[in-house]
Ligand SMILES: Cc1cc2nc3c(=O)[nH]c(=O)nc-3n(C[C@H](O)[C@H](O)[C@H](O)COP(=O)(O)OP(=O)(O)OC[C@H]3O[C@@H](n4cnc5c(N)ncnc54)[C@H](O)[C@@H]3O)c2cc1C
């Protein structure tokens, strides 16, 4: 599957006949330094570097992101979806703890009469909450950083220049676009629109007349509630809270926990101040945002536009539009759409060209996929509307969810549908087809019938149910403690892992049931990817050495991204290649390491023998695989009748006050010689941690 996609991509590049291609020294202007603009700039420079293409990229950004309040903020709920976190971890972009406000591991669904908790697959912190700007107005004791600024700095680290000015006009001169600010005018080979839907910049492009029309937007409401860290942790926990309420004005309402604040986000047809006041007073909502002394006033609030999805003609010769001003998903994962469209535009610009034809061929399919998916989204939202309006359906949904969540290994159809709908982790299309599963429909109908006409008791919601004690508030992924097995050889697997912190050893269990340590993994390494490509069974065991944090990448999310963007697999291929190179080097080193002759005093003791009773002997040669030593006849070992293989501890006594080296061996043979009994033994740890220092010691003596 992977090989096919990569091959297809190379074939289409080989056939490339763009008449407007980027060359060394080409200049790109990116209008807007939000997620779309930063992602594009980062990827275009990264991809160009791979083919030794030198580009100059300028980002025009009018906002200063580290500033508090609206002046530094791109106004959103600040939820980074699980699919985006997983994709970014493979791309090598980790969200640092000072950018993450909270790792989210579950969803709590509130109706007017009930609550249901949905846990993330693998009980992992899969979703991040962030501040887009510096944080709420008036915030104090700030230890966090802006998400948008983090991405912008990442782009800058690749050589992007940020022009902190507002773009005021665009003109066309010498077959090239010109970008104007109050102070400057520059000519470019490509202009990338990444200005979102809350800016008049779209009109500047519309007037150029190549057909671009920016997407419509709907008004929303966002506010930051200063509830205090304790209240947020005890009342909301590490869960997103979504409201399934029969309110015609509102399509979507959620309460998003951060550090000491929680963000209330309402999206719908008519979200005005009157509706917001009414919403905050609802019993279901009040309990979550009231500290007992009345409703907490908003420290910061805004009513930005939310993109309605698709721009008309989001590309032209030397123009392309990404993120909200180009194409984005309905109501969900706008930052994820910014990443996907930015990457598709960057791949097209570097590997194909920057003509309208190039963007139609390589960039437009991604936009079409999002647009088509939004159609399924519309159908699903119609159904959600129906559920909200019909009380018996709402009860059926809650009952089915709770039953599924109560069983450890059940097929969680309803939970998965709700999880993916609310987190935006899977395409709407996938959610739609999952909802047609006959088993799911049957169980849903059954639960509707059982819930019909019966009062459902309000289930108290306890944050302890969802907290993961081993995790820091801002950690993402999953923590394993020292010695814990992350994947086990021989077990089936359908996910891969990206190391976030700590070390883990990869061991293989041989026919003799002995472990062979293959390698030690550290931050940034990936493992378990073979289960995604072909084998479903793990070929080795990975065990934590100390505390380890990993991000789990789902098979479905990974393969979908590879299908959409074959270059996505490049970083992974790079890592796999590096691993093979290292393995080859280790094998070569092993082959080079011949047997070394030596005469070194050793102490030998069988397993379970106290060190006081160890016997003296002499090591006579050593290799990476094992050791040969002599023990005098008449000693316990020397008079051993039972010559079967046995485990020994051998202590090599070194001169020059060096610490003795202790190693575990397994004897392979005993031989009567004139000098004593010769014992040949293998190292139990075949990686022979001691071997290198010992060899070094022998070299110096
Ligand atoms: C209420 C609400 C809640 C949301 N919640 C979420 C969520 O939880 N998770 C999620 O993934 N998405 C969410 N979204 C969507 C998300 O905010 C957008 O999809 C995302 O910000 C799009 O990124 P972008 O880079 O395309 O545009 P933006 O983030 O809007 O960035 C555009 C940038 O362009 C700059 N700019 C504009 N005009 C000019 C100019 N003339 N000159 C210079 N610079 C200019 C702006 O200053 C801005 O920095 C939400 C949206 C709303 C409205």
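Output the residues belonging to region 53-62 that are surrounded by 22 or more Cβ atoms within 10 Å (Cβ to Cβ) and near the ligand (Cβ under 8 Å from one of its atoms). Correct list: 60, 61.
Only one entry in 77, 48 is in contact (Cβ under 8 Å) with a residue 40 or more places away in the chain, away from the ligand (no atom under 16 Å from the Cβ) and either surrounded by 21 or more Cβ atoms within 10 Å (Cβ to Cβ) or outside any helix (DSSP H, G or I) (or both), namely 48. Reported count of residues in region 194-215, each being more than 9 Å from the ligand (Cβ to nearest atom), outside any loop (DSSP other than H, G, I, E, B) and surrounded by 20 or more Cβ atoms within 10 Å (Cβ to Cβ), is 1.
Annotation note: of 314, 365, 297, the sole residue that is closer than 24 Å to residue 428 by Cβ and surrounded by fewer than 24 Cβ atoms within 10 Å (Cβ to Cβ) is 365.
Considering (1) more than 28 Å from the chain's Cα centre (by Cα); (2) in contact (Cβ under 8 Å) with a residue 40 or more places away in the chain, the lone condition that residue 257 does not fulfil carries the number (1). With respect to the conditions (1) farther than 24 Å from residue 209 by Cβ; (2) within 13 Å of the ligand (Cβ to nearest atom); (3) more than 32 Å from the chain's Cα centre (by Cα), residue 181 falls short on a single one, namely (1). Among residues belonging to region 112-132 that are modelled with pLDDT of 90 or more and assigned to a loop (DSSP other than H, G, I, E, B), point out the one that is surrounded by the most Cβ atoms within 10 Å (Cβ to Cβ). Only one residue fits best here, namely 131. Note on region 216-241: residues that are over 22 Å from residue 68 (Cβ atoms) and either surrounded by fewer than 22 Cβ atoms within 10 Å (Cβ to Cβ) or within 10 Å of the ligand (Cβ to nearest atom) (or both) amount to 9. Looking across region 154-177, the residues that are closer than 30 Å to residue 206 by Cα and in a helix (DSSP H, G or I) come down to 155, 156. Taken over region 431-480, the criterion of being within 20 Å of the chain's Cα centre (by Cα) and at pLDDT 60 or above is satisfied by 471, 472, 473, 474, 475, 476, 477, 478, 479, 480. Restrict the check to region 337-355 and report whether at least one residue is surrounded by fewer than 18 Cβ atoms within 10 Å (Cβ to Cβ), assigned to a helix (DSSP H, G or I) and touching a strand residue (DSSP E or B) at 6+ places or on another chain (Cβ under 9 Å). For region 337-355, residues surrounded by fewer than 18 Cβ atoms within 10 Å (Cβ to Cβ), assigned to a helix (DSSP H, G or I) and touching a strand residue (DSSP E or B) at 6+ places or on another chain (Cβ under 9 Å): absent. Has region 491-507 got any residue that is part of a loop (DSSP other than H, G, I, E, B), surrounded by 13 or more Cβ atoms within 10 Å (Cβ to Cβ) and either in contact with a helix residue (DSSP H, G or I) (Cβ under 7 Å, 6 or more places away or on another chain) or not assigned by TED's automatic domain parsing to the domain that holds residue 573 (or both)? Yes, some residue in region 491-507 is part of a loop (DSSP other than H, G, I, E, B), surrounded by 13 or more Cβ atoms within 10 Å (Cβ to Cβ) and either in contact with a helix residue (DSSP H, G or I) (Cβ under 7 Å, 6 or more places away or on another chain) or not assigned by TED's automatic domain parsing to the domain that holds residue 573 (or both).
The values are calculated or read from the model by the stated rules, or taken from the named source; none is laboratory data. Remember, it's a predicted structure, so these values are computed and weren't measured experimentally. In this analysis, Cβ positions are derived from the backbone assuming ideal geometry, glycine residues included, and neighbour counts consider all displayed protein chains.
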